[in-house]
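The values are calculated or read from the model by the stated rules, or taken from the named source; none is laboratory data. Everything numeric in this text was worked out from a predicted model, so none of it was measured. For neighbour counting, all protein chains shown are included, and Cβ atoms are generated from backbone atoms with ideal geometry for every residue, glycine included. The area values use the complete protein model at the heavy-atom level, side chains included, leaving out ligands, DNA and RNA. Shrake-Rupley method; radii C 1.70, N 1.55, O 1.52, S 1.80 Å.
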Amino acid sequence: MSCCAPGAEMALDLVNAGSVLPSSQEIRLASRSLGDDLRQTDLSVPTVHCAACIQAIETALGKLDQVESARVNLSTKRVAVRWRGNQVPPLVAALGRLGYEAHLFDPEVDNKDKTLSELIRAVAVAGFAAGNIMLLSVSVWSGAEGATRDLFHWVSALIAIPALAFAGGIFFRSAWNALRHGRMNMDVPIAVGVSLAYAMSLYETITHGDHAYFDASVSLLFFLLIGRTLDHVMRERARTAVKGLSQLAARGAMVLRGDGARDYLPVGEIEPGMLLLIAAGERIPVDGKIIQGASDLDCSLVSGESTPRNVAAGEAVQAGVLNLTGPLTIEATAAAKDSFLAEMVRLMESAEGGRAHYRRIADRVSALYAPVVHLTAFATFLGWMAATGDWHRAITIAIAVLIITCPCALGLAVPIVQVVAARRLFENGIMVKDGSAMERLATIDKAVFDKTGTLTLGQPRLVNADSIDPAMLAIAGDMAAHSRHPFSKAIAGFARLGGQHKFDAVTEHPGFGIEATATGSTWRLGRRGWAGWKARTGGEGKHGYGGTVLTKDGFIVATFDFEDALRADARAAIDQLHNAGMCVEMLSGDTAGACGEVAKMLGVDNFIPCLLPSGKVERIETAAKDGHRVLMVGDGLNDTPALSAAHVSIAPATAADIGRNAADFVFLRESLLAVPLALDVSRKAGSLIRQNIVIAIVYNAIAVPIAILGHVTPLIAAIAMSASSLLVVGNAMRLQGFATGASSAIARQDRPARAGAMAQSS
Amino acid sequence: MTTLVYLIPVALFLGALGLSGFLWALRSGQYEDLDGAAERILIDSDDGAENATRSK
């Protein structure tokens, strides 16, 4: 794995300040071999959204030397590049020149979706069979008799066999699994109903009977499979969208060997004692101790601390923190599996609480429904046996009861609403992992927020820009453009457009600030103690937000005050949650002062500062014991255990990878209104689901007596079942019509972001 | 009645043809990128280089 010129790659990384680009070693690590020297790399390009993008990307990548072919997939927002040779082509840089940000994603997780193609194939087969059998059945209903009817029944029976075997297999397997574990699910009555209907119809066909239910059993499968496929597509889409976001965990690091050689090793192979080179802008892959160098570290994802931490040789660093300003050499003190990140994963797994025991509405309903239906059919059989003694007639009617109660409407009642609801949320930039998340969200009565990165953006904002001399601010802005320190980025936004200052030299002193020389004078932007005249010792204490100054030849000419910028609409979102009857609480790893300020501004009921990750989990578990159902909204690594301990959880797209994976909902836009919107849609979906279940039960209350009295013919069964399904689907569609304040506000607010991130929803 | 002897097989054959066509399309990746397919018709591919970059 020894690479040609590692130094050059690190230089490239440094040039592209601002974002963390995957290095070519990472690309090589993530590519897969197609044999014969050919390798394929899949890159996620979230901003591709039209034909022009496709053409620009494919042409630009195709022109690169070793690239064999490049193909953009617009639905998944990915580009697959096939290339040859040892040297990795500058794919990310080429995309960067076109203005597209590209990320690598884990090729291991990205198995092709086998379930979906199996479902679609099953729908196709069931649809083909249902169409043809229905065609033949219509002829029978309209009066085909004798040999013609028998012929039609036989042909139907033949067509139904592959449909039952292939499409029905999905239900039979699921039903069998449930029964084997002593549980009951909706697939049990479906499987029983369908197979009994087929068996009876076959018997009728053989004995030249006039009622066969081949059409009912197959079209039932067809309808249910459509519901199931939509449900799967919804979850799959959310999953790929979440996966397409940038990978935050470091996937490898440059290891410095004893003999001076440099190797790029994947995280899993890093052992304690190894020396690692961490360039500015990289994440620290494992826990370690700084051997050489000084820098500022962004710990917001790890500890929730909003102010960057100033570090020097000898200090310990945790895996997952972002190295902001200077290159560091660290000695690994733990392997990846013992690092902070892995510790969080363990805490998360042990915290898996309430939701593991949650039973979905559909399962609860079917646990009641299936026994009732089967007992009714059995009682019908006994009743007719007692009344007439004609066992053939008794069985026929009992099976007709099973067919008419076969939970087509009930099977669609829940998933169809959830699919429509998930689509509404998707259009507003909110991903739902699965349907049960919406059911759980509808029941919560307490919302818990993390501070840094969730209620706030985790990015400092300059608050006293108005009181600073504009000329000084412009100079500071131009200097700040040379650094990726969060404070610098906040100041750089104020640089005067066009009129760049001419500096003779600009150097960044990691941990201190930026120094620039111009026409004989020395400008410094950074810590008060360092930037002040001849105070080069750097022995000053820790400065908070108030400690940043601009100096000219040692005299302070401007001071800068920062605060953590609030997330857009945070206040409105909290108000809406209050109106919805929520109790809102804030848990943070940050200091009490910083928390108090934010809590006051947002009107949060209660806050607890300085919490460790396990403290957050405890807090949530206590609330759960007190009978609350808790929603956790958080983004950091330190929130991850709390995210999985809560009844339901939401994470912003900027969250750490494992946080996003632990959360039930992920919102892609900046606005925090996503939280009340998700709550609102989930509650409406909940009430529609209950309505749908009532509709399905009313339908049964009418249809079952008719069936028990023996008046059901295949024609009546077909009409009744389709009518109830259509009613349920139509009712679910009403969810699209509910316009809420939250959703329209979000839609109004960030159209451009929508075009980029959400084009997938079309 | 005699017409049924060949009409039914013909109907079934046509249906099966459609089904197998769909399954073929599914397997050969025609449904992998529906959004992309909708946009790609807007791309002018008059130069040969454009076609060369296609992988499938």
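Can you say whether A:Ala732 is in contact with a helix residue (DSSP H, G or I) (Cβ under 6 Å, 6 or more places away or on another chain), at pLDDT 80 or above and of a type outside the set (S, T, N, Q), as far as the supplied structure shows? Criteria met by A:Ala732.
Is there a residue being of a type in the set (Ser, Thr, Tyr) and more than 8 Å from every other protein chain (Cβ to nearest Cβ) anywhere in the range A:99-110? Within the range A:99-110 (the criterion being of a type in the set (Ser, Thr, Tyr) and more than 8 Å from every other protein chain (Cβ to nearest Cβ)), the answer is yes, since at least one residue qualifies.
Being modelled with pLDDT under 85, farther than 30 Å from A:Val233 by Cα and more than 10 Å from every other protein chain (Cβ to nearest Cβ) is a condition met by no residue of the range B:21-40.
Show me the helices (runs of 4 or more DSSP H) found entirely inside the range A:571-679 where at least 1 residues are closer than 22 Å to A:Ala319 by Cα.
Helices (runs of 4 or more DSSP H) meeting the threshold: A:613-625, A:640-645, A:657-662.
Which of the residues spanning the range A:646-662 are among the aliphatic types (A, V, I, L, M) and modelled with pLDDT under 85?
A:Ala653, A:Ala655, A:Ala656, A:Ile658, A:Ala662
Taking the criterion of being small (Gly, Ala, Ser), part of a helix (DSSP H, G or I) and over 15 Å from B:Leu4 (Cβ atoms), the residues of the range A:141-170 that qualify are A:Ala157, A:Ala160, A:Ala163, A:Ala165, A:Ala167, A:Gly169. In the range A:449-469, the residue that is farthest from A:Phe503 (Cα to Cα) out of those that are touching a residue at least 24 places away in the same chain (Cβ under 8 Å) and open to solvent by 40 Å² or more (accessible area, probe 1.4 Å) is A:Leu457. Is it the case that A:Leu119 is at the interface with chain B (Cβ under 9 Å from one of its Cβ atoms) and at pLDDT 85 or above? When the stated conditions are applied, A:Leu119 does not pass them. Of the strands (runs of 3 or more DSSP E) lying entirely inside the range A:29-110, those containing at least 2 residues that are in contact with an Asp or Glu (Cβ under 6 Å, 6 or more places away or on another chain) and surrounded by fewer than 21 Cβ atoms within 10 Å (Cβ to Cβ) span A:78-84. Within 23 Å of the chain's Cα centre (by Cα) and assigned to a helix (DSSP H, G or I), is that true of A:Ile491? Taking the combined requirement at face value, the residue does not satisfy it.
Surrounded by fewer than 24 Cβ atoms within 10 Å (Cβ to Cβ) and touching an Asp or Glu at 6+ places or on another chain (Cβ under 8 Å) - does that describe any residue in the range A:688-708? Checked against the condition, which is being surrounded by fewer than 24 Cβ atoms within 10 Å (Cβ to Cβ) and touching an Asp or Glu at 6+ places or on another chain (Cβ under 8 Å), the range A:688-708 yields no hits at all. Inclusion of A:Gly131 among residues that are open to solvent by 20 Å² or more (accessible area, probe 1.4 Å), more than 12 Å from chain B (Cβ to nearest Cβ) and either part of a helix (DSSP H, G or I) or at pLDDT below 90 (or both) is not warranted.
Among residues of the range A:600-624 that are at negative phi, those with a Cβ under 8 angstrom from a residue that is among the aromatic types (Phe, Trp, Tyr), sequence gap 6+ or separate chain, pair up as A:Val604/A:Phe449. Does the range A:177-191 include one or more residues that are closer than 21 Å to A:Ile226 by Cα and either open to solvent by 50 Å² or more (accessible area, probe 1.4 Å) or within 14 Å of another protein chain (Cβ to nearest Cβ) (or both)? Within the range A:177-191, none of the residues are closer than 21 Å to A:Ile226 by Cα and either open to solvent by 50 Å² or more (accessible area, probe 1.4 Å) or within 14 Å of another protein chain (Cβ to nearest Cβ) (or both).
Scanning the range A:709-739 for residues that are open to solvent by less than 70 Å² (accessible area, probe 1.4 Å) and of a type outside the set (A, V, I, L, M, F, W, C) returns A:Gly710, A:Thr713, A:Pro714, A:Ser722, A:Ser724, A:Ser725, A:Gly730, A:Asn731, A:Gly737.
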